[in-house]
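Here the structure comes first, spelled out in C-alpha coordinates, and everything after it is commentary.
The values are calculated or read from the model by the stated rules, or taken from the named source; none is laboratory data. Just so you know, these numbers come straight off a predicted model, no measurement behind them. Note that each Cβ is placed from the backbone with ideal geometry, even for glycine, and that neighbours are counted across all protein chains shown.
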Amino acid sequence: MVKPIRVAGGVASTADEVVEAYAPNPELISPHEWGQVRSHAVAATKTAGYEAPSSARQALRYATRMLVWAYRRGQPLDPEAVFTQDNVRAFLATEGAGWSEAGRATAASYLHRLAWHATTKAPWHGLPAPVGRARPIAPPYTAREIAGYWAAAEVQATEARTRVLTTMLTLGLGAGVNAGELLRVTAGDVLIHPQEPRLWVVMLSDRTVPVLIEYVPALARLTEKYPEGPLIGPHNRNSRDPVGKLRSSLEIPSYLPPLRQAQLRTTWMVQLLSMDVRIREFMTIAGLSSGSVLEKLLPYVADRDDQDRYLMAGAGLSPRGGADAS
(Lines give C-alpha, C1' and ligand atoms only; values in the text may rest on other atoms or scores of the structure.)
Protein backbone atom coordinates (compact mmCIF):
# COMPACT_ATOMS: atom_id res chain seq x y z
CA MET A 1 0.00 0.00 0.00
CA VAL A 2 1.37 3.41 -1.00
CA LYS A 3 1.93 5.77 1.89
CA PRO A 4 1.37 9.45 0.94
CA ILE A 5 4.32 11.84 1.23
CA ARG A 6 4.15 15.37 2.53
CA VAL A 7 4.11 18.14 -0.06
CA ALA A 8 3.70 21.81 0.84
CA GLY A 9 1.78 21.06 4.01
CA GLY A 10 -0.45 18.48 2.34
CA VAL A 11 -0.06 14.90 1.22
CA ALA A 12 0.33 13.25 -2.19
CA SER A 13 0.26 9.60 -3.26
CA THR A 14 1.28 9.92 -6.93
CA ALA A 15 3.73 11.93 -9.01
CA ASP A 16 0.84 13.87 -10.57
CA GLU A 17 -0.51 14.77 -7.14
CA VAL A 18 2.96 15.93 -6.09
CA VAL A 19 3.22 18.21 -9.10
CA GLU A 20 -0.21 19.73 -8.48
CA ALA A 21 0.29 20.24 -4.73
CA TYR A 22 3.89 21.43 -4.65
CA ALA A 23 4.81 24.97 -3.61
CA PRO A 24 8.30 26.16 -2.65
CA ASN A 25 9.29 27.63 0.68
CA PRO A 26 8.10 31.27 0.51
CA GLU A 27 11.15 32.37 2.49
CA LEU A 28 13.35 31.18 -0.37
CA ILE A 29 11.09 31.80 -3.37
CA SER A 30 8.39 34.44 -3.22
CA PRO A 31 4.79 33.72 -4.25
CA HIS A 32 5.25 36.16 -7.15
CA GLU A 33 8.32 34.29 -8.40
CA TRP A 34 6.54 30.95 -8.02
CA GLY A 35 3.64 32.31 -10.05
CA GLN A 36 6.02 33.29 -12.83
CA VAL A 37 7.83 29.96 -13.11
CA ARG A 38 5.23 27.40 -11.96
CA SER A 39 3.85 26.41 -15.35
CA HIS A 40 7.36 25.91 -16.78
CA ALA A 41 8.57 23.93 -13.76
CA VAL A 42 5.51 21.69 -13.78
CA ALA A 43 5.74 21.07 -17.53
CA ALA A 44 9.45 20.18 -17.34
CA THR A 45 8.88 17.76 -14.47
CA LYS A 46 5.94 16.05 -16.15
CA THR A 47 7.84 15.70 -19.42
CA ALA A 48 10.76 14.04 -17.63
CA GLY A 49 8.45 11.17 -16.71
CA TYR A 50 9.18 10.67 -13.01
CA GLU A 51 6.82 8.06 -11.55
CA ALA A 52 7.83 7.87 -7.88
CA PRO A 53 6.29 10.71 -5.81
CA SER A 54 9.54 11.44 -3.98
CA SER A 55 11.54 11.62 -7.24
CA ALA A 56 8.93 13.91 -8.81
CA ARG A 57 9.08 16.18 -5.76
CA GLN A 58 12.87 16.41 -5.93
CA ALA A 59 12.83 17.04 -9.68
CA LEU A 60 10.25 19.80 -9.29
CA ARG A 61 12.37 21.41 -6.59
CA TYR A 62 15.41 21.56 -8.90
CA ALA A 63 13.34 22.72 -11.87
CA THR A 64 11.85 25.51 -9.77
CA ARG A 65 15.20 26.65 -8.38
CA MET A 66 16.74 26.66 -11.84
CA LEU A 67 13.89 28.68 -13.34
CA VAL A 68 13.82 31.18 -10.47
CA TRP A 69 17.59 31.56 -10.80
CA ALA A 70 17.10 32.44 -14.48
CA TYR A 71 14.13 34.72 -13.74
CA ARG A 72 16.13 36.74 -11.21
CA ARG A 73 18.73 37.32 -13.91
CA GLY A 74 16.20 38.63 -16.35
CA GLN A 75 16.41 35.64 -18.66
CA PRO A 76 13.42 34.47 -20.69
CA LEU A 77 11.67 31.46 -19.17
CA ASP A 78 11.51 29.45 -22.38
CA PRO A 79 12.94 26.00 -21.47
CA GLU A 80 15.22 26.15 -24.52
CA ALA A 81 16.76 29.33 -23.08
CA VAL A 82 16.87 28.26 -19.43
CA PHE A 83 17.98 24.62 -19.60
CA THR A 84 21.20 25.10 -21.54
CA GLN A 85 24.50 23.53 -20.63
CA ASP A 86 26.04 26.93 -19.89
CA ASN A 87 23.16 27.84 -17.58
CA VAL A 88 23.33 24.54 -15.72
CA ARG A 89 27.06 25.00 -15.18
CA ALA A 90 26.50 28.55 -13.95
CA PHE A 91 23.61 27.51 -11.71
CA LEU A 92 25.65 24.75 -10.07
CA ALA A 93 28.64 27.07 -9.65
CA THR A 94 26.60 29.81 -7.96
CA GLU A 95 23.58 28.26 -6.26
CA GLY A 96 25.46 25.04 -5.54
CA ALA A 97 28.62 26.69 -4.23
CA GLY A 98 27.78 25.74 -0.66
CA TRP A 99 26.49 22.27 -1.43
CA SER A 100 28.43 19.08 -0.92
CA GLU A 101 30.03 17.37 -3.89
CA ALA A 102 27.36 14.66 -3.72
CA GLY A 103 24.65 17.33 -3.59
CA ARG A 104 25.95 19.02 -6.74
CA ALA A 105 26.19 15.67 -8.50
CA THR A 106 22.59 14.85 -7.60
CA ALA A 107 21.41 18.27 -8.78
CA ALA A 108 23.34 17.85 -12.04
CA SER A 109 21.74 14.49 -12.70
CA TYR A 110 18.22 15.76 -12.07
CA LEU A 111 18.79 18.85 -14.22
CA HIS A 112 20.30 16.69 -16.96
CA ARG A 113 17.15 14.57 -17.15
CA LEU A 114 14.86 17.58 -16.93
CA ALA A 115 16.74 19.42 -19.67
CA TRP A 116 17.00 16.33 -21.88
CA HIS A 117 13.23 15.98 -22.01
CA ALA A 118 12.22 19.65 -21.80
CA THR A 119 14.28 20.82 -24.78
CA THR A 120 14.57 19.85 -28.43
CA LYS A 121 17.19 22.31 -29.69
CA ALA A 122 19.73 22.37 -26.84
CA PRO A 123 22.48 19.73 -27.37
CA TRP A 124 21.72 17.56 -24.36
CA HIS A 125 23.52 14.38 -25.41
CA GLY A 126 25.95 14.89 -22.53
CA LEU A 127 26.22 17.20 -19.55
CA PRO A 128 29.53 18.82 -18.62
CA ALA A 129 29.99 17.85 -15.00
CA PRO A 130 31.32 19.91 -12.08
CA VAL A 131 35.10 20.14 -11.98
CA GLY A 132 36.76 16.94 -10.86
CA ARG A 133 33.77 14.70 -11.60
CA ALA A 134 33.14 12.27 -14.42
CA ARG A 135 30.58 13.05 -17.09
CA PRO A 136 27.03 12.26 -15.87
CA ILE A 137 25.22 9.31 -17.34
CA ALA A 138 22.49 9.72 -19.94
CA PRO A 139 19.03 9.52 -18.33
CA PRO A 140 16.94 6.38 -18.76
CA TYR A 141 14.15 6.35 -21.29
CA THR A 142 10.62 6.76 -19.97
CA ALA A 143 7.97 4.04 -20.35
CA ARG A 144 6.24 6.17 -22.96
CA GLU A 145 9.43 6.56 -24.98
CA ILE A 146 10.14 2.82 -24.82
CA ALA A 147 6.62 2.09 -26.06
CA GLY A 148 7.25 4.52 -28.92
CA TYR A 149 10.43 2.71 -29.98
CA TRP A 150 8.68 -0.67 -29.95
CA ALA A 151 5.89 0.77 -32.07
CA ALA A 152 8.49 2.15 -34.49
CA ALA A 153 10.12 -1.28 -34.76
CA GLU A 154 6.87 -2.70 -36.10
CA VAL A 155 6.59 -0.22 -38.98
CA GLN A 156 10.15 -0.08 -40.34
CA ALA A 157 10.34 -0.07 -44.14
CA THR A 158 12.45 -3.23 -44.39
CA GLU A 159 12.96 -6.46 -42.48
CA ALA A 160 16.62 -5.55 -41.96
CA ARG A 161 15.69 -2.32 -40.21
CA THR A 162 13.08 -4.06 -38.08
CA ARG A 163 15.74 -6.60 -37.11
CA VAL A 164 18.22 -3.89 -36.10
CA LEU A 165 15.77 -1.90 -34.01
CA THR A 166 14.23 -4.97 -32.37
CA THR A 167 17.66 -6.33 -31.47
CA MET A 168 18.82 -3.00 -30.05
CA LEU A 169 15.73 -2.76 -27.85
CA THR A 170 15.72 -6.40 -26.77
CA LEU A 171 19.41 -6.67 -25.88
CA GLY A 172 19.70 -3.11 -24.57
CA LEU A 173 16.60 -3.04 -22.38
CA GLY A 174 16.59 -6.75 -21.59
CA ALA A 175 20.27 -7.44 -20.92
CA GLY A 176 22.04 -4.07 -20.85
CA VAL A 177 24.53 -4.88 -23.61
CA ASN A 178 26.78 -2.06 -24.76
CA ALA A 179 27.41 -1.06 -28.37
CA GLY A 180 30.40 -3.35 -28.87
CA GLU A 181 28.61 -6.33 -27.36
CA LEU A 182 25.52 -5.62 -29.45
CA LEU A 183 27.50 -6.35 -32.60
CA ARG A 184 28.75 -9.72 -31.35
CA VAL A 185 25.77 -11.44 -29.68
CA THR A 186 24.53 -14.45 -31.64
CA ALA A 187 21.78 -17.00 -31.03
CA GLY A 188 24.49 -19.34 -29.78
CA ASP A 189 25.27 -16.92 -26.95
CA VAL A 190 21.71 -17.18 -25.62
CA LEU A 191 21.08 -20.07 -23.23
CA ILE A 192 18.13 -21.33 -21.19
CA HIS A 193 18.68 -22.44 -17.61
CA PRO A 194 18.25 -26.25 -17.41
CA GLN A 195 16.27 -26.12 -14.14
CA GLU A 196 14.28 -22.92 -14.83
CA PRO A 197 13.00 -22.51 -18.41
CA ARG A 198 11.91 -18.93 -17.71
CA LEU A 199 15.52 -17.93 -17.04
CA TRP A 200 17.32 -16.96 -20.24
CA VAL A 201 20.88 -15.66 -20.15
CA VAL A 202 23.24 -13.98 -22.60
CA MET A 203 26.82 -15.23 -22.45
CA LEU A 204 29.11 -12.24 -23.02
CA SER A 205 32.90 -12.31 -23.09
CA ASP A 206 33.27 -11.17 -19.47
CA ARG A 207 29.97 -12.04 -17.80
CA THR A 208 26.67 -13.89 -17.92
CA VAL A 209 23.63 -11.63 -18.00
CA PRO A 210 20.11 -12.78 -17.05
CA VAL A 211 17.48 -11.44 -19.44
CA LEU A 212 14.63 -9.50 -17.84
CA ILE A 213 11.57 -11.72 -18.07
CA GLU A 214 9.46 -9.26 -20.09
CA TYR A 215 12.03 -9.33 -22.93
CA VAL A 216 12.40 -13.12 -23.14
CA PRO A 217 9.63 -13.55 -25.76
CA ALA A 218 11.25 -10.98 -28.07
CA LEU A 219 14.65 -12.61 -27.63
CA ALA A 220 13.16 -16.04 -28.31
CA ARG A 221 11.72 -14.79 -31.60
CA LEU A 222 15.04 -13.27 -32.63
CA THR A 223 17.08 -16.40 -31.91
CA GLU A 224 14.57 -18.60 -33.72
CA LYS A 225 14.46 -16.35 -36.78
CA TYR A 226 18.20 -15.61 -36.94
CA PRO A 227 20.06 -18.74 -35.75
CA GLU A 228 23.29 -17.83 -37.56
CA GLY A 229 25.48 -14.75 -37.26
CA PRO A 230 25.01 -11.68 -35.07
CA LEU A 231 21.40 -11.06 -34.07
CA ILE A 232 21.80 -7.43 -35.14
CA GLY A 233 22.35 -8.58 -38.74
CA PRO A 234 25.11 -7.96 -41.32
CA HIS A 235 27.32 -4.96 -40.65
CA ASN A 236 30.82 -3.61 -41.22
CA ARG A 237 32.66 -4.00 -37.91
CA ASN A 238 35.64 -2.12 -39.35
CA SER A 239 33.71 1.09 -39.93
CA ARG A 240 34.28 4.01 -37.58
CA ASP A 241 30.87 3.68 -35.87
CA PRO A 242 29.14 0.46 -36.97
CA VAL A 243 26.24 0.81 -34.51
CA GLY A 244 25.75 4.43 -35.50
CA LYS A 245 25.66 3.45 -39.16
CA LEU A 246 23.02 0.79 -38.50
CA ARG A 247 21.02 3.23 -36.39
CA SER A 248 21.14 5.97 -39.04
CA SER A 249 18.99 3.87 -41.39
CA LEU A 250 16.19 3.52 -38.85
CA GLU A 251 12.96 5.50 -39.11
CA ILE A 252 12.42 7.00 -35.66
CA PRO A 253 9.48 9.40 -35.07
CA SER A 254 10.55 12.98 -34.46
CA TYR A 255 8.74 13.13 -31.11
CA LEU A 256 11.11 10.54 -29.65
CA PRO A 257 14.57 11.43 -28.29
CA PRO A 258 17.68 10.09 -30.04
CA LEU A 259 18.04 6.32 -29.74
CA ARG A 260 21.35 5.41 -28.11
CA GLN A 261 22.60 2.03 -26.95
CA ALA A 262 24.20 3.59 -23.88
CA GLN A 263 20.86 5.07 -22.88
CA LEU A 264 19.10 1.73 -23.35
CA ARG A 265 21.74 0.24 -21.06
CA THR A 266 21.14 2.98 -18.48
CA THR A 267 17.42 2.21 -18.57
CA TRP A 268 18.20 -1.46 -17.92
CA MET A 269 20.56 -0.64 -15.04
CA VAL A 270 17.96 1.57 -13.37
CA GLN A 271 15.36 -1.21 -13.63
CA LEU A 272 17.84 -3.69 -12.19
CA LEU A 273 18.60 -1.42 -9.24
CA SER A 274 14.87 -1.02 -8.62
CA MET A 275 14.62 -4.77 -8.05
CA ASP A 276 15.87 -6.80 -5.11
CA VAL A 277 19.41 -7.24 -6.50
CA ARG A 278 22.39 -6.80 -4.20
CA ILE A 279 25.09 -4.29 -5.12
CA ARG A 280 27.76 -6.93 -5.74
CA GLU A 281 25.35 -8.86 -7.96
CA PHE A 282 24.45 -5.72 -9.87
CA MET A 283 28.12 -4.89 -10.45
CA THR A 284 28.78 -8.42 -11.72
CA ILE A 285 25.76 -8.56 -14.01
CA ALA A 286 26.43 -5.07 -15.40
CA GLY A 287 30.15 -5.73 -15.86
CA LEU A 288 31.22 -2.78 -13.73
CA SER A 289 34.49 -2.52 -11.83
CA SER A 290 33.84 0.85 -10.15
CA GLY A 291 30.93 1.90 -7.98
CA SER A 292 31.01 5.51 -9.22
CA VAL A 293 28.19 4.77 -11.68
CA LEU A 294 25.86 4.03 -8.77
CA GLU A 295 25.91 7.68 -7.69
CA LYS A 296 24.99 8.76 -11.21
CA LEU A 297 22.11 6.30 -11.39
CA LEU A 298 20.73 7.16 -7.95
CA PRO A 299 18.47 10.06 -9.05
CA TYR A 300 16.67 7.74 -11.46
CA VAL A 301 15.99 4.88 -9.05
CA ALA A 302 12.54 5.20 -7.52
CA ASP A 303 12.59 5.73 -3.76
CA ARG A 304 10.67 3.43 -1.45
CA ASP A 305 10.35 6.05 1.27
CA ASP A 306 6.63 6.31 0.52
CA GLN A 307 6.16 2.71 1.64
CA ASP A 308 7.01 0.79 4.80
CA ARG A 309 8.63 -1.97 2.77
CA TYR A 310 12.14 -0.53 2.91
CA LEU A 311 11.84 -0.27 6.70
CA MET A 312 10.76 -3.90 6.87
CA ALA A 313 13.70 -4.93 4.67
CA GLY A 314 16.12 -2.84 6.73
CA ALA A 315 14.92 -4.60 9.86
CA GLY A 316 15.36 -8.02 8.28
CA LEU A 317 11.61 -8.64 8.34
CA SER A 318 11.11 -9.03 4.58
CA PRO A 319 12.63 -12.23 3.16
CA ARG A 320 14.79 -11.41 0.16
CA GLY A 321 12.96 -12.59 -2.92
CA GLY A 322 9.89 -13.50 -0.84
CA ALA A 323 6.36 -12.27 -1.15
CA ASP A 324 6.95 -9.23 1.04
CA ALA A 325 9.80 -8.07 -1.18
CA SER A 326 7.93 -8.19 -4.46
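For (1) over 24 Å from Glu154 (Cβ atoms); (2) at pLDDT 85 or above; (3) buried (at least 16 other Cβ atoms within 10 Å of the Cβ), each residue gets a yes or a no:
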{"position": "Lys245", "(1), (2), (3)": "no, yes, no"}
{"position": "Leu250", "(1), (2), (3)": "no, yes, yes"}
{"position": "Leu259", "(1), (2), (3)": "no, yes, yes"}
{"position": "Met269", "(1), (2), (3)": "yes, yes, yes"}
{"position": "Ile279", "(1), (2), (3)": "yes, yes, no"}
{"position": "Gly291", "(1), (2), (3)": "yes, no, no"}
{"position": "Glu295", "(1), (2), (3)": "yes, no, yes"}
{"position": "Ala315", "(1), (2), (3)": "yes, no, no"}
{"position": "Ser318", "(1), (2), (3)": "yes, no, yes"}
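Listed by position, the strands (runs of 3 or more DSSP E) enclosed by region 165-218 that each have at least 3 residues that are over 12 Å from Leu264 (Cβ atoms) and under 23 Å from the mean Cα position of the chain (by Cα) are 208-210. Cβ separations smaller than 6 Å between residues 6+ apart or across chains give the following pairs from region 191-206 residues that are assigned by TED's automatic domain parsing to the domain that holds Ile285 and surrounded by 12 or more Cβ atoms within 10 Å (Cβ to Cβ) to residues that are part of a strand (DSSP E or B) and not hydrophobic (A, V, I, L, M, F, W, C): Val201/Thr208; Val201/Pro210.
Do we find that Ala152 is modelled with pLDDT of 80 or more, outside any loop (DSSP other than H, G, I, E, B), closer than 21 Å to Gln261 by Cα and among the aliphatic types (A, V, I, L, M) in this structure?
Values: modelled with pLDDT of 80 or more: yes; outside any loop (DSSP other than H, G, I, E, B): yes; closer than 21 Å to Gln261 by Cα: yes; among the aliphatic types (A, V, I, L, M): yes.
Criteria met by Ala152.
Within region 174-190, the set of residues being among the polar types (S, T, N, Q) and either over 17 Å from Tyr215 (Cα atoms) or without any contact (Cβ under 8 Å) to a residue 60 or more places away in the chain (or both) comprises Thr186 only. Candidates are the residues of region 70-105 that are among the polar types (S, T, N, Q), part of a helix (DSSP H, G or I) and out of contact with any Leu (no Cβ under 7 Å at 6 or more places or on another chain); the one that is surrounded by the most Cβ atoms within 10 Å (Cβ to Cβ) is Asn87. Glu27 meets each of the listed conditions (1) exposed (fewer than 14 other Cβ atoms within 10 Å of the Cβ); (2) under 29 Å from Glu145 (Cα atoms) apart from (2).
Counting only residues that are among the basic types (Lys, Arg), in contact (Cβ under 8 Å) with a residue 40 or more places away in the chain and assigned to a helix (DSSP H, G or I), region 259-281 holds 1 of them.
Within region 1-26, being out of contact with any helix residue (DSSP H, G or I) (no Cβ under 6 Å at 6 or more places or on another chain), at pLDDT 80 or above and under 14 Å from Arg61 (Cα atoms) holds for Glu20, Ala21, Ala23, Asn25, Pro26.
Do you know which residues across region 235-254 are in contact with a helix residue (DSSP H, G or I) (Cβ under 9 Å, 6 or more places away or on another chain), assigned to a loop (DSSP other than H, G, I, E, B) and free of Cβ contacts under 8 Å to residues at least 40 places away in the same chain?
Residues satisfying the conditions are Asn236, Ser239, Asp241.
Among the residues of region 39-55, is any of a type in the set (D, E, K, R), closer than 23 Å to Ser292 by Cα and in contact (Cβ under 8 Å) with a residue 12 or more places away in the chain? Taking every residue of region 39-55 in turn, none turns out to be of a type in the set (D, E, K, R), closer than 23 Å to Ser292 by Cα and in contact (Cβ under 8 Å) with a residue 12 or more places away in the chain.
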